[in-house]
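S.K.: After the C-alpha cells below, expect a handful of questions from me.
Please treat every number below as a calculation from the coordinates, not as lab data. Everything numeric in this text was worked out from a predicted model, so none of it was measured. Virtual Cβ from ideal backbone geometry, glycine too; neighbours counted across all protein chains shown.
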Amino acid sequence: MTDQLQRFIFDQTDIRGEITRLDTSYQETISNHHYPEVVAHLLGEFLAAATLLSATLKFEGTITLQARSEGEIPLIMAEASSDHKLRGIAREADNAVSEDFTKLLTNGQLIITVDPKQGQRYQGIVALEGNNLSECLEAYFLQSEQLSTRVWLASDQQQAVGMMLQELPPSEQVSAEQRQQDWQHISKLAETLTAPELLSLPFDELLYRLYHQEQVRMFEPDALAFQCSCSETRTLNALRTLGREELDSIIEEAGAIEVNCEFCHQHYSFDGTAIAQLFEPTLH
C-alpha cells in the first residue's frame, strides 16, 4: 500500500511528526484533467500538505488548503478529510509554464479552512510570501497557530510526498530550555533530507537515516484514497441557491440543467420535475 499517512513521535520530547506518500490518490486527482507539468507538480504538493495538516484534526471534518493569486495559477486547492479522503483541483492554469513558485502564485493568499461536521467553521488567511509552499505553511503556523513547524514537500507527477515536524504543547516533563534544544536538533537533522530521498525511501528507512540515534516511535499508518464529496443531493442544494425563477428559466431554454463536477467529472442532469420537487414545501 503506497497511499499512507504515518505518524511518529520522538520519545522524551515535545515533538511529533507526520509523513505521507500519495500514489494512486494523486494519480486519480490529476487524471481527470490535462494539467501542465508545473501545475500537476504543485497540485501534488498541495495534496501532500493538506494530508499532513489533516493529521491535526481532532474531530470529524475536512481541512482545505487553497491559494488564490494574480499569477499563472489563479486558484489551486486540496482538501483532506478526517477519514483520509482526498481531492484537489487547479483552475484557469492551462498556460502555466514557470517553475518559479512566486510567478505561479504572484501576489497570492494562502487560505486554510477547517470545516468540522459539528461546530464552527474556521478560516485562516496569510500572504504567500515564501519561495515555495513549505515556507508559506511554516510562516502560517508561526503567525496563526504560534507553533514551531517544519514542512518538506516533493512531487514527481507519479507520486506526491511530504513530511512535517511540529512542536507539541509544553509538557511538565520537558523544560523550556530542553524544548528549544530538542527542536533545533531534530529540525536541523531533517534539513539534510533531499527530495529524491523523500520520494524514494520507505518511511521506516527514511526516519532511520535521519534519526537513527534518536528514540523514534512510529504508529500504525492510515490508508488514504481519492474521493470526491460531490453528490446529487449536494448539487441540488447548490442549485437551490440560484432560486426557482433562475432555474426555471434555464429549464425553459435548455430543457434540463447539466452540471459537471470539476473534481471528478461526475455528470448530473436535472429536468423540470426534479427542479419543481426541489422547491416543494417539506411536510412534517
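S.K.: Using unit Cβ charges (K, R positive; D, E negative) and no other charged atoms, how large, in debye to the nearest 20, is the dipole of segment 4-226 about its Cα centre?
M.R.: Here segment 4-226 has a charge dipole of around 420 debye.
S.K.: Continuing with the same structure: Only Cα pairs under 8 Å and at least 6 apart count here; give the relative contact order of segment 4-226 as a rounded whole percent.
M.R.: Taking the mean separation of contacting Cα pairs over the length of segment 4-226, I get 29 percent.
S.K.: In the calculated pair distance distribution of segment 232-278, what percentage of Cα-Cα distances lie above 17 Å?
M.R.: 25
S.K.: Quick one: length gained pulling residue 181 to residue 244 fully straight, 0.36 nm per residue minus the C-alpha distance?
M.R.: Here the segment from residue 181 to residue 244 would lengthen by 16.4 nm.
S.K.: Using alpha-carbon pairs under 8 Å, 6+ residues apart, how would you state the relative contact order of segment 232-278 in percent?
M.R.: Reported as a whole number, the value is 34 percent.
S.K.: Of all GluC sites (Glu not before Pro) in segment 171-267, which ones are in loop regions per DSSP and have a Cβ with at most 12 other Cβ atoms within 10 Å?
M.R.: Sparse-neighbourhood loop GluC sites (Glu not before Pro): 172, 191.
S.K.: What distance in nm lies between label points placed 7 Å from Cα along the C-beta direction at residue 106 and residue 120?
M.R.: Inter-label distance under the simple model: 3.8 nm.
S.K.: Which value in deg cm²/dmol, rounded to the nearest 500, describes the helix-derived mean residue ellipticity at 222 nm for the chain, given -39,500 (n - 2.57) per DSSP H run of n ≥ 4 and division by the residue count?
M.R.: After summing the helix terms and dividing by residue count, I get -9500 deg cm²/dmol.
S.K.: Give the longest segment of the chain that steers clear of chymotrypsin sites (Phe, Trp or Tyr not before Pro) in DSSP loops with at most 16 neighbouring Cβ atoms within 10 Å, not counting the sites themselves. Please list the in-between numbers first.
M.R.: On the way: sites that count: 59, 219, 279.
Result for the longest clean stretch: 60-218.
S.K.: Nearest 0.05, what FRET efficiency do residue 217 and residue 24 give at R0 = 25 Å with Cβ-Cβ as r?
M.R.: E(calc), rounded to 0.05, equals 0.35.
S.K.: As an exercise, use a Förster radius of 35 Å and the Cβ-Cβ distance of residue 135 and residue 237 to find the FRET efficiency, rounded to the nearest 0.05.
M.R.: 0.40
S.K.: Let me ask something else about it. Evaluate E = 1/(1 + (r/R0)^6) for residue 256 and residue 92, where r is the Cβ-Cβ distance and R0 equals 25 Å; express this FRET efficiency to the nearest 0.05. Walk me through the numbers before you get to the answer.
M.R.: Values: r = 27 Å, r/R0 = 1.06.
Efficiency at R0 = 25 Å is approximately 0.40.
S.K.: Which whole-angstrom value gives the distance between the alpha carbon centres of segment 177-236 and segment 15-88?
M.R.: Centre-to-centre (Cα) distance: 15 Å.
S.K.: While we're on this one: Any chance you could give the angle, 0 to 90 degrees and rounded to 10, that helix 37-54 forms with the longest Cα principal axis of the chain?
M.R.: 70
S.K.: Using the Cβ atoms and a cut-off under 11 Å, what net charge is assigned to the surroundings of residue 5, where Lys and Arg are +1 and Asp and Glu are -1? Each step should come with its number before you reach the end.
M.R.: Values: positive: 7, 21; negative: 3, 18, 220, 222.
Every neighbour counted, the sum reads -2.
S.K.: Calculate how steeply helix 176-190 sits against the longest principal axis of the alpha-carbon atoms of the chain, using the helix alpha-carbon long axis, and give the answer as 0 to 90 degrees to the nearest 10.
M.R.: 70
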